[in-house]
Each structure stands twice: as structure tokens, then as C-alpha cells.
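Read the structure below first, then the notes.
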Ligand SMILES: [Zn+2]
């Protein structure tokens, strides 16, 4: 027999005060604040917000790989994120092992399959075209079709070596053959940004879109590249993918001025940038966007509704009676905090987001 848990006096991001009732893993009722009845009442006294569980579109959660690896729950529910998307840590060789490692985790996991069969076993995984094994890729996609939600291609110089744009052309072909969209990592060239943008289609994702490297999406004068505007027009999504080296306050300020907003905010978290910064956790990354002047709704929608829509899993982006409960409980504190970007630039903010707890597949856990 299960009991009813009442999350009492919580606010939605739009400011509505409610009680949310949970039973048998599901949201069973949403009632005016203070009126929910149940065996276990947790009263938040109007001090916290509640949203559907946060979704991080770009993490590295395969523990065996170094440097880009971590433990699923360490980057998942323990930081308020109830669903993670592993962004190509594994290719066809090791994806089955990533799937196996989910058995011991509470966090919901999906993955972009690296187009290189070796994945991030090496960090120049596209430097040898023999590693782009089409047969193995397609077999893996068929076998793990509910787990794999897209393909990952890291298109920057240290990854592709002398192969230039060729791995992205192959990725494009894999994408049209399998029907899976691409998440493309950008960074230092060659290949150059215009060459990359030309190959992206509707529903593809550019991750690291606010990086401060020379080969980025804005020209010397801070204007968005015309080909970026065309890509957005075609339906290409922009994802933050903060990471150790890929979030610049300067670029983020240019993007905001130029009205080039994110579709999704993700961390690109793994052991080193979780423990030593500049990522730390999703709340810290979201705090940076509040600092930049985006509203709380814009920021939280980027890790809930927008991510869930892209995933074609609307239930992960809403709070709705009858759904399995995946929720994030957090506060916005009026507290000074120093924020650091990937270039070492520091900004002093006056507000920060703090995670208080999660409900993950119906289980309430305080953080
Ligand atoms: Zn990454």
C-alpha cells in the first residue's frame, strides 16, 4: 500500500500557489495551496518553486571514460536533474555498457549515439574515418531504439584532425538513413563555421553555441552570422552545453543583445567540471542565465518544456495529473554569488537558484 504525499504551498514558475498530491508514483491531484490532504504533508510555506523535472540535454555519464565521464546519478537527480541525455560519450562499441549502467541509477537516461564507434574512449574520435562504422551504428540503433534519441558529431579541429568537414558529411548521411537528428558540437576550426552551418537541418542541435572561441557563431562586430540566422529559420536548435571550455559571458551577452536565445540550456557536465567548476551543477548554469537577464520562466522552460518537446516526450515537460511524477523543487535566493565562465571571466550576481528536492519516477528525495 502506498501513501499520499502532499507537496504543500509550492509555486509554479508562473507564480500559482498549489499543493501537489502524489501516490503510486503518479501525480494524482493539483489543488489550491493549503487544501491538499494526505498521509505525508511536506509544507514548503510558499518558499519554493516547482517545475517538471529538469532535463539536461548534454552530459557525460559513462563512468569508465576519462576525462569526459561521470556517474549517472551524480550528474542527475542529486543535482535536481531528473532526465539526462548522454551526449555521445559512447559509440556503437560501448553504448550497450552505458545502457547496462542505467540499471543501478534512479535518473532517467537517454543518449545521443556518437557517430564514431569508439565514442569518447579517445578525444580525437573522428580523426580516423575507419571509426565511422555504418553497419555497427545502424545495428546499435535498431537494438536500442528507445534509448538513442539522436546522433552526436563533435566537429572541431582537435576531434576531426585532418578530416575537416568530411565526418559531418558522413553524419548527415547517417542521419537521413536512420531518421535521427544530429547534435553537433562546435569549437575551434577548421572546419569553419559556415561550412558546418550549411550542413545542418531542421531539428539538428548546435551545442556549445555560446562558446568564446574564434570560430563561433558571431562575427568580429558581434553580429550573428547570416548562415546562423538561416539555420535558425530552418529549425536548427541552439543548446548551451556550458562545459569546461564552451561558455563565455561575453558571447552570451552578445547573443542576448542580438536576440539569439537558447532553445535548451545544458551543462556538458562531467567529473572535473562538476567538482572544480566552472559548471558545478545545473542550478549554477541556470543562475548564469538569470544573471544575464532572462526571466525565470525562460530559463526553466529551457530545461523542461523545450527539451521535452524536442525529445517528443511532452509528459517530461509538464505537471499534469495522471503522469508519472518527475518534478524539481527549487528556490531563488537573494544571495550574492560569484559566477565564473569557461574563460575565467567572473560576474557578480545577486540571486541564485538552489535545488531543494526532486520527485523522480514518483520517489520524493530531498537534495
Ligand atoms: Zn560534451
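Read the figures in this text as sums done on the coordinates, not as results from a lab. Given the structure is predicted, the values throughout are model-derived calculations rather than measurements. All Cβ positions, glycine included, derive from the backbone under ideal geometry; neighbour counts span all protein chains shown.
Here are some notes:
- What the Cβ-Cβ distance of residue 336 and residue 41 gives, at R0 = 25 Å and to the nearest 0.05, is a FRET efficiency of 0.15.
- Degrees separating the helix 166-178 axis from the principal Cα axis of the chain, which is the longest one: 50
- Zone of residue 365's modelled label, taken as backbone nitrogen in the range 321-353 under 15 Å from a point 7 Å along Cα→Cβ: 325-329
- With the highest mean first, a sort of the peptides 84-96, 13-25 on other beta-carbon atoms found within 10 angstrom per residue produces 84-96, 13-25.
- FRET efficiency for residue 256 and residue 124, using Cβ-Cβ distance with R0 set to 35 Å, rounded to 0.05: 0.55
- Between the C-alpha center of the range 335-367 and that of the range 255-291 there is a gap of 10 Å.
- Fully extended contour minus Cα-Cα distance, from residue 318 to residue 166, at 0.36 nm per residue: 50.7 nm
- Over all directions, the projected convex hull of the C-alpha atoms in the chain averages 17.3 nm² in area.
- A Förster radius of 30 Å, combined with the Cβ-Cβ distance separating residue 31 from residue 106, puts the computed FRET efficiency at roughly 0.65.
- With respect to the chain, whose longest principal axis is taken over its alpha-carbon atoms, helix 282-291 is tilted by about 90°.
- Neighbour-count ranking [beta-carbon atoms within 10 angstrom, fewest first] of 247, 147: 147, 247
- Helix-only CD estimate at 222 nm, as mean residue ellipticity for the chain, using -39500 (n - 2.57) per DSSP H run (n ≥ 4): -6500 deg cm²/dmol
- For the range 210-249 and the range 148-195, distance of Cα centres in Å: 16
- Fraction of antiparallel bridges per DSSP, the chain only, in percent to nearest 5: 50
- Equivalent ellipsoid semi-axes, the range 1-84, via Cα gyration tensor eigenvalues times 5, rooted, Å: 32, 15, 9
- For the listed peptides 181-188, 286-293, a ranking on the average number of other beta carbons within 10 Å per residue, highest first, reads 181-188, 286-293.
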